[in-house]
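Below is one structure, written out as structure tokens, with a few remarks after it.
Computed from the coordinates by the stated procedures, all read-outs in this text should not be read as laboratory data. Not measured: the values here are computed from a predicted model. Cβ atoms come from the backbone with ideal geometry, glycine included; neighbour counts cover every protein chain shown.
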Amino acid sequence: MNHPWPRNLPVDHPNNITGLICGIIGVAGFPPVGIIALMLGIKANNDIHRNPMKYRGYGTATANIILGSFSTVLTLLAALFFFMMLMYATTY
């Protein structure tokens, strides 16, 4: 029996939800977790582009990359601020 639709529809990439949760946690209060969101988003994005018939969720992968990037920048700024304060405290 022939079906008018394909049997193997693309599914959401498994890293999308995990990366989204990590990105939200990273932006909301614990920025180092955002680095994980960035890595998961990039991996999901690459997998979606390589296998468009297997995976979907390009928008969620892009959101992971954006949230992870923002959180990573926050982490780097916090580390820079901590380092500057440490340098200032040791000079006086």
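Scan the chain and note any complete DSSP helix (H) whose C-alpha atoms cover at least 15 Å along its axis and whose Kyte-Doolittle average is 1.0 or more. In the chain, the long hydrophobic H runs are 15-28, 58-91. Fewest-first ordering of Thr72, Thr18, Thr90 by other beta carbons within 10 Å of each residue's beta carbon gives Thr90, Thr18, Thr72. A Cα-only calculation for region 12-91 places Rg and Dmax at 15.6, 60 Å. Going by neighbour counts of Cβ atoms within 10 Å, the residues Met84, Met39 line up, fewest first, as Met84, Met39. As a length-normalised measure over Cα pairs under 8 Å and 6 or more apart, the relative contact order of the chain settles at 32 percent.
Loop-located trypsin sites (Lys or Arg not before Pro) across region 39-92 with a Cβ neighbour count of 15 or fewer within 10 Å are Lys54, with loop assigned by DSSP. Note on Lys54 and Leu76: their simple-model spin labels are 3.2 nm apart, each label 7 Å out from Cα toward Cβ. Principal semi-axes of the equivalent ellipsoid, √(5λ) from the alpha carbon gyration tensor of region 44-92, are 41, 8, 4 Å from largest down. Note on the chain: GNM, Cα springs under 10 Å; of Leu74, Leu38, Leu20, the largest mean-square fluctuation is that of Leu74.
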